[in-house]
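Here's the structure we're looking at; comments come further down.
Each value in this text was obtained by applying a stated rule to the coordinates, not by laboratory testing. Predicted model, so just to flag it, every value in this text is computed and none were measured. Counting neighbours? That spans all protein chains shown, and the Cβs are built from the backbone with ideal geometry, glycine included.
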Amino acid sequence: MFWIGSYWREDEADTAPVAADAAAAGAPSVRPAPTRTVATAAIASVLVCAVWPLLAALSDKAAHNPAPVVLDGSNLASRPAGEPTWSPEYMAADATLKGAYTAAGAPVDLNVLYYRNQGPEKRLISSVNRVDLRKQGFRHVASEGRVEEFNGRQLALRETRVKGPQGNYLVWHWHWVDGRFTANDYLGKLWQAKAKLMMHGDDGALLMIATPVGEQPEAARAALRAFLQSNLAPLQSTLEATRER
C-alpha cells in the first residue's frame, strides 16, 4: 500500500529562503502549512484503501491453480521402509510425502506437506499448526533456531523437541515458499504475499524430519544431517517439479 501511495507523493518545497527573508525583514518566521501535500496524501490513502481489496481479489483469482498436486519422492536418495511413527498436527495439505528412513544407523521420519490455493481452511503458516501431535500424546518440550550447512549451502531451520508415549523426538522443520527455504514464519508470509502479487501462485510446503533423541542430542543431529546431506537437493527438486505442474 505504501509503495502504491508513493506515486502520489509530493515533496515539500524548500522554505528556507522564505524563512531567511522573513527574519531579515524583522518579521516572525512562519512555515506555511503543506496543505496541498496533506490533501494529496489523504486522497492517495483513500484511493489505495478503495483499490486494495480489488487488487487482492484479482491477485487471488490470478494465482489460483486448479491442477491437482502430486508429490513424487522417487528421486530421493533414500528408500522408505514404511510409514513414519510420528507426524505433525497441521491443517490438511493438498499432498503429502511421508516415510520412515534410516540415516547414520538411526531411524528418521520424513513429513512433507504441500499446500496450494490456500485459504482459511488450509494454510501452510498458521497459529493452529503444531509440531507436536497432541492427539497421540506428544507434547512440545523446547524449540530453537539453527543454521546447518549441506553441500556448501546454509539452511536455516527450527529444532524442536517433542515428548510422547514412545519417547522423545528431535525434529528439524522449515518451510518452502516461492522456491526458497525459510524457518521464519513472518518472512514466509511476506514471500507468499509477494508471490501472489507477482502471479507466481501460493504454493508452499512444510518439510519436517524427526528422529528419537536421548541424553546425547548430537547423535540425533548427526542422523538428521546424514539424511539431509543426501536428500535435501532431491527434496527441493521434487517441490520445484510439483510447483511447475
Rounded to whole Å, sorted largest first: equivalent-ellipsoid semi-axes of the range 95-244, Cα gyration tensor
26, 18, 13
Long-range amide H contacts for Phe150: which residues qualify at under 5 Å (H placed 1.01 Å from N, peptide plane, sequence gap of 5 or more or a different chain)?
Leu155
Computed over the range 142-225, Cα set: Rg, Dmax in Å:
14.9, 48
Simple spin-label model, 7 Å along Cα-to-Cβ: Val141 to Ala67 in nm?
4.2 nm
Once phi is turned into θ = phi - 60°, what whole-Hz ³J(HN,Hα) does the Karplus curve with 6.51, -1.76 and 1.60 give for every residue of the range 68-73, x standing for Gly and Pro?
x, 8, 10, 9, 10, x
Among Lys98/Lys135; Lys122/Lys194; Lys163/Lys189; Lys163/Lys194, the pairs whose Cα-Cα distance exceeds 27 Å are Lys163/Lys189; Lys163/Lys194
Would you grab the residues whose amide H sits under 5 Å from the one on Phe138? Only those 5+ places off in sequence or on another chain, please, with H modelled 1.01 Å from N.
Leu133
